[in-house]
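The values are calculated or read from the model by the stated rules, or taken from the named source; none is laboratory data. These numbers were taken from a predicted model, which means no experiment stands behind them. No Cβ is skipped: glycine too gets one built from the backbone with ideal geometry, and neighbour counts run over all protein chains shown. Only protein heavy atoms, including side chains, enter the accessible area calculation; ligands, DNA and RNA are left aside. Shrake-Rupley method; radii C 1.70, N 1.55, O 1.52, S 1.80 Å.
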Amino acid sequence: MARLASITILLFAGAAPVFAQGDAAKKDLKLLQGTWVMAALEVNGTDVPASKLEGTVLTIKDDRYTVKVKDKLVTTAVIELDAKKDPKELNMTPQDGDKKDKLQKALYKIEGDTFKMARGLNPEQERPHQFATWPGTDYFVVTWKKK
């Protein structure tokens with residue numbers, strides 16, 4: 001469990017406000033409001049076993065992205081969306097931890113009750129171009145299901 005918490009901290013540390021605050025971004029931010037349960041996590045081309053994801057919950061309230069593992073706070077970030085890009089882009093600015101205030105660049109998509117995000121494990125990484133990872137890339141793809 002400590003390993004999942006460490007990976008989760010690396011994945012979610014970092015944030016900032018809705019950078020393309022157009023109608024599409026506002027609509028997507030509204031769709032993201034609420035509680036999400038981690039359904040899948042792929043890191044460096046490897047799927048993390050479902051048993052290790054249990055109890056990992058994301059709450060989005062306004063532009064605050066908060067992750068908890070088994071009710072223990074892992075990180076809070078401020079998010080900004082750009083829904084005009086294809087694929088859509090998300091910027092995160094962590095509000096705590098060793099990555100505090102370090103911008104992290106991601107992709108996102110919302111399909112019904114599913115929210116998927118792809119980004120690097122480290123703030124200095126470029127935004128990914130697709131929702132896939134490979135060994136040695138230090139990218140991850142996380143899938144959340146609406147609770």
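Between residues in the range 28-47 that are farther than 13 Å from F115 by Cβ and in contact (Cβ under 8 Å) with a residue 24 or more places away in the chain and residues that are open to solvent by 50 Å² or more (accessible area, probe 1.4 Å) and assigned to a loop (DSSP other than H, G, I, E, B), which pairs lie under 8 Å by C-beta distance while being six or more apart or on different chains?
N44/W134; N44/P135; N44/G136; N44/D138; G45/W134; G45/P135; T46/P135
Mind counting the residues in the range 81-98 that are out of contact with any helix residue (DSSP H, G or I) (no Cβ under 8 Å at 6 or more places or on another chain) and more than 20 Å from V57 (Cα to Cα)? Even if it seems obvious, please write down each step before you answer.
Just the residues of the range 81-98 that are out of contact with any helix residue (DSSP H, G or I) (no Cβ under 8 Å at 6 or more places or on another chain), to begin with: 85-87, 89-91, 93, 95-96, 98.
Keeping just the survivors that are more than 20 Å from V57 (Cα to Cα) gives 85-87, 89, 98.
Qualifying residue count for the region: 5.
State which residue is least open to solvent (accessible area, probe 1.4 Å) when the search covers only the range 47-62 and only residues that are in contact with a strand residue (DSSP E or B) (Cβ under 9 Å, 6 or more places away or on another chain) and of a type in the set (S, T, Y).
T56
Return yes when D113 is under 17 Å from Q33 (Cβ atoms) and over 13 Å from the mean Cα position of the chain (by Cα) and no when it is not.
Values: under 17 Å from Q33 (Cβ atoms): yes; over 13 Å from the mean Cα position of the chain (by Cα): yes.
It is true that D113 is under 17 Å from Q33 (Cβ atoms) and over 13 Å from the mean Cα position of the chain (by Cα).
Say we look at the range 23-39 and pick out the residues that are open to solvent by 40 Å² or more (accessible area, probe 1.4 Å) and of a type in the set (G, A, S); which of these is nearest to the chain's Cα centre (by Cα)? Quick ask: steps written out before the conclusion?
So the first thing to find is which residues in the range 23-39 are open to solvent by 40 Å² or more (accessible area, probe 1.4 Å), and the list is 23-24, 26-27, 30-31, 33, 35, 37, 39.
After this cut, where a residue has to be of a type in the set (G, A, S) as well, the list is 24, 39.
Working: A24: 19, A39: 13 Å.
Going through the qualifying residues, I end up with A39.
Identify, please: which residue in the range 105-147 is assigned to a loop (DSSP other than H, G, I, E, B) and aliphatic (A, V, I, L, M) and is, among those, farthest from I60 (Cα to Cα)?
Residues of the range 105-147 that are assigned to a loop (DSSP other than H, G, I, E, B), as a first pass: 112-113, 121-138, 147.
Cutting the leftovers down to aliphatic (A, V, I, L, M) gives us 121, 132.
Numbers: L121: 20, A132: 24 Å.
The selected residue is A132.
Checking the condition closer than 23 Å to A132 by Cα, modelled with pLDDT of 95 or more, in contact with a Phe, Trp or Tyr (Cβ under 9 Å, 6 or more places away or on another chain) and of a type in the set (G, A, S), which residue from G112, G45 passes?
On inspection, the qualifying residue turns out to be G45.
On the basis of being more than 21 Å from M38 (Cα to Cα), more than 15 Å from the chain's Cα centre (by Cα) and at pLDDT below 95, does D98 make the cut?
Details: more than 21 Å from M38 (Cα to Cα): yes; more than 15 Å from the chain's Cα centre (by Cα): yes; at pLDDT below 95: yes.
Criteria met by D98.
Any chance you could count how many residues in the range 115-147 are open to solvent by less than 30 Å² (accessible area, probe 1.4 Å) and among the charged types (D, E, K, R)?
Result for the range 115-147: 1.
Within the range 63-104, can you find the residues that are touching a residue at least 60 places away in the same chain (Cβ under 8 Å), assigned to a strand (DSSP E or B) and open to solvent by 40 Å² or more (accessible area, probe 1.4 Å)?
Selection gives K72, K88.
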